[in-house]
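Since the structure comes first, as structure tokens, the remarks are kept for the end.
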Amino acid sequence: MCFLEDEFFSLLEAGSSGRPHEASPKESSSCEASPAYPKETVEKLRDIAAAMISAGYGTECCEVFSAARSKEVEAAVSSIGYEKGSIDDVVKMPWESLEGAIATWIKSFRHFVSVILPAEHDLCNQVFSVDPDISTTLFQTVAGGVLLHLLVLPEAVAMTKRSAEKLFKVLDIYDALRDATPTIDSLLPDQADDSSLADELTSVRSRLGDAAISIFCDLEGSVKSDAAKTPVPGGAVHPLTRYVMNYIKYACEYKNTLDLVFHDHHTPFSAQLMELMDLLDSNLEAKSKLYKDPALSNIFLMNNGRYIAQKIKGSSEINMLLGETWYRKRSSNLRQYHKNYQRETWAKVLACFKDEGLTAAKGGVQKPVVKERLKSFNSLFEEIHRTQSAWVVSDEQLQSELRVSVSAVVVPAYRSFLGRFAQCLTPGRQTEKYVKFGAEDLESYIDELFDGKVPAPVARRRT
């Protein structure tokens, strides 16, 4: 028996040298070549195992097999790059290092589940075909021990300090565990005790799900508490808007996983996403109040609203989660901001062209009033051009829509006013004094609005 035990150990040690786990043969009652051993070696291992078990040396045989194969399987996993460590080691890792470790772990874990685990299962069945119960126990010992080591990193990641950038790696690990569950359930079924490997896998996966939800909810808290008191220059898109929308766009690429994670906690991910969007809306509404000029406040809301709408429109996943009704409401809000801007900026300008007060009792024209109206218009327009040329609308389509809408109401009204009342002015110096712009000049200056640049002073009208 001692001789057979030594031979058994030698075959296990020598036969596996340099033979990587590449594929698993189909399970069969007869011996086949194994990814770890040639057919002849498997046959010898089976014969020795049968002899030792029948002679009452099953315990010694199993101990040798378990030790040799555990070492070999661990080496196979390590060869892919995974380094075994403790929970404390992982928790103390800088995030940049842990990111790389997670990527390596995922590669190693997927290979372990898809290739090594089935191959080891077949090897145990072939070598210990004389006793299926022994085969099952040994496989659970060898594979289960390595699996428990592999679960150290996911467990540690679930325990690390929460931060927004960790969400996607947490979900990557969660996905790997979820994908592996059917294979592990079939090869490592529940054991008699309460601490089965399947239960451990479920527990780690659940903790990762809790971590993912916590991270996402922390983002909601960050949006809610972001109370910067300095307005973004020119009413541009706020950095918070860019960050949140880009984060959501990336998160929604994990839509199926997040649906599953949030479903386990009885909250649809779509509802959680809508809550986050509502928090962002409220935050931006509060930030818009930082602007003293109501018109600039509406430009800010338009800029941010358009940026959000474009991100949603460009992502089928976000669109699907938020729904058409939500998107239509967003578009309606944008139109209202546009109307508010027009009213706040251009209502006073258009008031210069009203007929009230321009005609005398006998039907004549009140020339002083015409002059005052033109003077007021020139002053207002110059001030708007000076101020709003420095405002920022980076979305080219929105910028064009704003300029076109301004031209559409201001230029025709100005042209009509001049057509009716310009003759009241004495040609020459008086006309130059009060009629500072031609209609084409207005269009050119309006096309300079929202460039985010300090404008040159308004020049005299072209002749």
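The values are calculated or read from the model by the stated rules, or taken from the named source; none is laboratory data. Since the model is a prediction, treat every value here as computed from it, not as a measurement. Using ideal geometry, Cβ is built from the backbone for each residue, glycine included, and neighbour counts are taken over all protein chains shown.
Some points to look at:
- Subset of the stretch 380-397 [surrounded by fewer than 15 Cβ atoms within 10 Å (Cβ to Cβ) and either more than 22 Å from ILE299 (Cα to Cα) or among the acidic types (Asp, Glu) (or both)]: GLU383, GLU396
- Test: residue in the stretch 137-152 that is under 17 Å from GLY100 (Cα atoms) and touching a residue at least 60 places away in the same chain (Cβ under 8 Å): yes
- Tally of residues being aromatic (Phe, Trp, Tyr) and in contact with a Leu (Cβ under 9 Å, 6 or more places away or on another chain) across the stretch 269-294: 1
- Residue within the stretch 416-425 that is closer than 30 Å to THR359 by Cβ, at pLDDT below 95 and assigned to a loop (DSSP other than H, G, I, E, B) present: yes
- Failed item, numbered, when PRO268 is tested on (1) under 30 Å from LYS453 (Cα atoms); (2) free of Cβ contacts under 8 Å to residues at least 24 places away in the same chain: (1)
- Options GLU317, GLU356: the member that is touching a helix residue (DSSP H, G or I) at 6+ places or on another chain (Cβ under 8 Å) and of a type in the set (Asp, Glu): GLU317
Here is a yes/no grid of residues against (1) closer than 30 Å to HIS121 by Cβ; (2) outside the structural domain of TYR307 (by TED's automatic domain parsing); (3) of a type in the set (A, V, I, L, M, F, W, C):
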site: ASP185; (1), (2), (3): yes, yes, no
site: GLU200; (1), (2), (3): yes, yes, no
site: ARG205; (1), (2), (3): yes, yes, no
site: ILE215; (1), (2), (3): no, yes, yes
site: GLU220; (1), (2), (3): no, yes, no
site: VAL237; (1), (2), (3): no, no, yes
site: THR267; (1), (2), (3): no, no, no
site: LEU273; (1), (2), (3): no, no, yes
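- For the stretch 426-463, taking the residues that are of a type in the set (D, E, K, R) and loosely packed, with under 15 Cβ neighbours inside 10 Å, the one that is modelled with the highest pLDDT is identified as GLU440.
- Which listed residue, of LEU284, LEU301, LEU279, LEU273, is more than 20 Å from ARG328 (Cβ to Cβ) and either among the hydrophobic types (A, V, I, L, M, F, W, C) or assigned to a helix (DSSP H, G or I) (or both): LEU279
- Scanning the stretch 245-263 turns up no residue that is loosely packed, with under 14 Cβ neighbours inside 10 Å, at pLDDT below 95 and in a loop (DSSP other than H, G, I, E, B).
- Conditions (1) part of a helix (DSSP H, G or I); (2) among the small types (Gly, Ala, Ser); (3) outside the structural domain of ASP281 (by TED's automatic domain parsing): number failed by GLY323: (3)
- Answer from PHE109, PHE65 - the residue that is over 30 Å from SER163 (Cβ atoms), surrounded by 15 or more Cβ atoms within 10 Å (Cβ to Cβ) and either touching a residue at least 12 places away in the same chain (Cβ under 8 Å) or among the aromatic types (Phe, Trp, Tyr) (or both): PHE65
- Test: residue in the stretch 270-280 that is surrounded by 17 or more Cβ atoms within 10 Å (Cβ to Cβ) and of a type outside the set (A, V, I, L, M, F, W, C): yes
- ASP122 being without any contact (Cβ under 8 Å) to a residue 12 or more places away in the chain and either in the same structural domain as PRO154 (by TED's automatic domain parsing) or within 22 Å of ASP179 (Cα to Cα) (or both): no
- Checking VAL237 against (1) modelled with pLDDT under 95; (2) crowded, with 20+ Cβ neighbours inside 10 Å; (3) not in a helix (DSSP H, G or I), the condition it does not meet: (1)
- A Cβ distance below 6 Å, combined with a sequence gap of six or more or placement on separate chains, defines the contacts here; from the stretch 73-94, residues that are in the same structural domain as GLY144 (by TED's automatic domain parsing) reach residues that are at pLDDT below 85 and of a type outside the set (Asp, Glu) in the pairs ALA76/HIS21.
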